[in-house]
Amino acid sequence: MPGTSRMPVSLRESFNSVKKRRPQGNPLQVLNLDLFRNIVFFFFLLRWTRKVLWKLKGRGLLGTLVELYTDTRRILYGYFLRMPGVRTQVRKQVNEAIAKMQTKLVPANQTRYLTLPKEGWSEEEVRKELEALATMDHTRWEDGYVSGAVYHGEDELLKLQTEAYGKFTVANPIHPDVFPGVRKMEAEVVAMVLSLFNAPPGAAGVSTIGGTESILMACLAARQKGYAERGITEPEMILPETAHTAFRKAGEYFKIKVHLVACPAPAHQVDVRRVSRLINKNTVLLVGSAPNFPHGIIDDISALSRLALKRKIPLHVDCCLGSFLVPFLEKAGFETTPFDFRLKGVTTISCDTHKYGFAPKGNSTLLYRTQEHRAYQYFVDPSWSGGVYASPGMAGSRPGALIAACWASLMSVGESGYLRACEEIVGTAKKLVDRIRESSVLAAELEIIGNPLVSVVAFQARNLDIYDIADGMSAKGWHLNALQNPPAMHVAVTMPIAKVWERLASDLEEVIEMEREKERVRIAEGKKAKGKAEAGDNAALYGVAGSLPNKGVVVDLAKGFLDLCYKA
Ligand SMILES: *Cc1c(COP(=O)(O)O)cnc(C)c1O
């Protein structure tokens, strides 16, 4: 009997029982079972061989071994952190750090409202309390002390936005017949942004509540498209490692495997040859940033576009941060690089109207080269007992008031206004770059990352610890961004910062001189490392915890932070 001896016991028994019942035996059936088993095994083997080959092709032998090594280290260190003695010690330190955060984030001496007031407050009382809340002790964005966050902030525009909001407070675009004005405004906002990015005829878009939702939807649509058109059931996407973490969030939410690709010095753009090597049959999306958040660098979108066209894979350009600056670089006379739909391989673009579009927070857009592609993000339920239901994105009901405020911002600033804003903001970023390269103190200590063409200037320290410099700036009232891998910090220039950038530069000089002095004293006293008490928040978070092979502790701290945000 061919094959029976190699059959697993249980299978063989059932086969024998079949055989007993049919004394004549059916040679076809024997063959079938054997064949079936072989086919299953063959596909299992093929699947894993293919995975290993893709990995080796994508990362190279050395890269694969390095990955294996870091994964092993991470896992082993994770076990170490969970060992009985270690765990209680780690827990204790995490709790201490969270308690320290709490004193800053949730001051103890405040009246708290934890239940509804028995009787509603008078308008006067509510207004008074709102005023107190708005003027709570805070980092002064109004005086230009905050990187990013508030991109415009001028009173006139704020007043107009508030008025627009007030007119449409009750509006919800899910009912276009009830709020036809909101439907019209939303469609027009999308159309205006499409035109800004040189969308071809037939292009389409949606508005969302923020860059993260735009990116989530772009990834979801790419996944659905890959499934519907190419039968991909194990989707993968390839990101620059500097791409916004919203893409990794999409990977987690929508079960899309993420491949990160290095952005090597000196350009700090994604290595397109490596992207190419990582493409396989399961790739549903390539990604480039224009520019990325950490370093403000625009990837080589032209090269990505050529690759996307050649391999017939969608390419998303994340212009969330670039928003209304990058489309104006050329007109403002600044150096620029291709980034929009004029590159034939670009299929989707995210653009945040609530960043340099100066709309209030809760506004972003996602643009599609074709209407068919956009339909992949739609959700339609024809059979719900609540009626036929259709919504374009994640949300059901949406705030029409925010759309109105966005529309009002775009119409009131206009092309000339955005051009002027681009000149001022990007112009300031260039001045800051020049100052860092020319001032003797700054040039000696800071090294600018790549060639920033837009509003973000990122730098590393040559000798000092960059996180000490970040903490020094915090002590002077600045809220700048600390970065990691590599250790660095950045400033995202906004309208408020443009007014005070010189003070920013001179404060940076002072902080660097101060840190150098501390370093000299430390060396003179024969101390090698900083004392624990000397480390500021950034130095503590990124200097110590950041260097661990397993970031479990950082995750615990960050979750504690999120919990605190909801502590009434
Ligand atoms: C801000 C930003 C995002 C995400 O936008 P949110 O509005 O914060 O959700 C995405 N990509 C880049 C490059 C960004 O700077």
| query | Between MET411 and LYS257, how many nm apart are label points set 7 Å from Cα along the C-beta direction? | reply | 5.0 nm
| remark: Here the alpha-carbon Rg of segment 131-212 over 2.2 N^0.38 Å rounds to 1.45
| request: Taking the convex hull of the Cα atoms, report for segment 158-412 its projected area averaged over all directions, in nm². | output: 14.2 nm²
| Per principal axis, descending, Cα span of segment 371-498 in whole Å | 69, 36, 31
| note | As a Kirkwood estimate from alpha-carbon pairs, the chain has a hydrodynamic radius in angstrom of 27.3 Å
| Radius of gyration and Dmax over the Cα atoms of segment 263-379, both given in Å | 14.5, 43
| task | Report, to the nearest 10°, how far helix 301-311 tilts away from the longest principal axis of the Cα atoms in the chain, using its own Cα long axis and a range of 0 to 90°. | result | 10 degrees
| message | What are the equivalent ellipsoid semi-axes of segment 149-196, built from the alpha-carbon gyration tensor (square roots of five times its eigenvalues), in whole angstrom, biggest first? | response | 22, 17, 8
| task | Run through the DSSP bridge list for the chain and note the antiparallel percent, rounded to the nearest 5. | result | 55 percent
| said: Which three extents, in angstrom, do the Cα atoms of segment 426-565 have along their principal axes, listed largest first? | reply: 42, 41, 26
| Rounded to the nearest 500 deg cm²/dmol, what is the calculated helix-only ellipticity per residue at 222 nm for the chain, with -39500 (n - 2.57) per DSSP H run of length n ≥ 4? | -17000 deg cm²/dmol
| said: Set the bar at 21 Å for Cα to Cα. Now go through LYS104/LYS567; LYS249/LYS430; LYS159/LYS430; LYS128/LYS361 and name every pair that lies beyond it. | reply: LYS249/LYS430; LYS159/LYS430; LYS128/LYS361
| request: Translational diffusion coefficient, Stokes-Einstein: compute it for segment 296-449 using the Kirkwood radius over C-alpha pairs as Rh, at 20 °C and 1.002 mPa s, and state it as an integer in µm² s⁻¹. | output: 117 µm²/s
| In terms of the Cα gyration tensor, with a ≥ b ≥ c the square roots of its eigenvalues, is segment 368-437 rounded because a/c is under 1.5, prolate because a/b exceeds b/c, or oblate? | prolate
| Once the Cα gyration tensor of segment 172-294 is diagonalised, what are the square roots of 5 times its eigenvalues, in whole Å and ordered largest first, as equivalent ellipsoid semi-axes? | 30, 18, 14
| message | What is the percent carbon and sulfur in the accessible area of the chain, measuring with a 1.4 Å probe over the protein chains and ignoring ligands? | response | 58 percent
| Mean accessible surface per residue for the chain, computed with a 1.4 Å probe while every protein chain stays in place, in Å² | 55 Å²
| remark: With Rg from the Cα atoms and Rh as the Kirkwood inverse mean 1/r over Cα pairs, segment 38-104 has an Rg/Rh of 1.32
| note | Once both label points are put 7 Å beyond Cα along the C-beta direction, the GLU241-GLU188 separation in nm becomes 4.6 nm
| note | For LYS431, the lysines lying under 20 Å Cα to Cα, once residues fewer than eight places off in the same chain are dropped, come out as LYS331, LYS499
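The values are calculated or read from the model by the stated rules, or taken from the named source; none is laboratory data. As the structure is a prediction and not an experimental result, all values here were calculated from the model. Every residue, glycine among them, receives a Cβ derived from its backbone with ideal geometry; neighbour counts consider all protein chains shown. The area values use the complete protein model at the heavy-atom level, side chains included, leaving out ligands, DNA and RNA. Shrake-Rupley method; radii C 1.70, N 1.55, O 1.52, S 1.80 Å.
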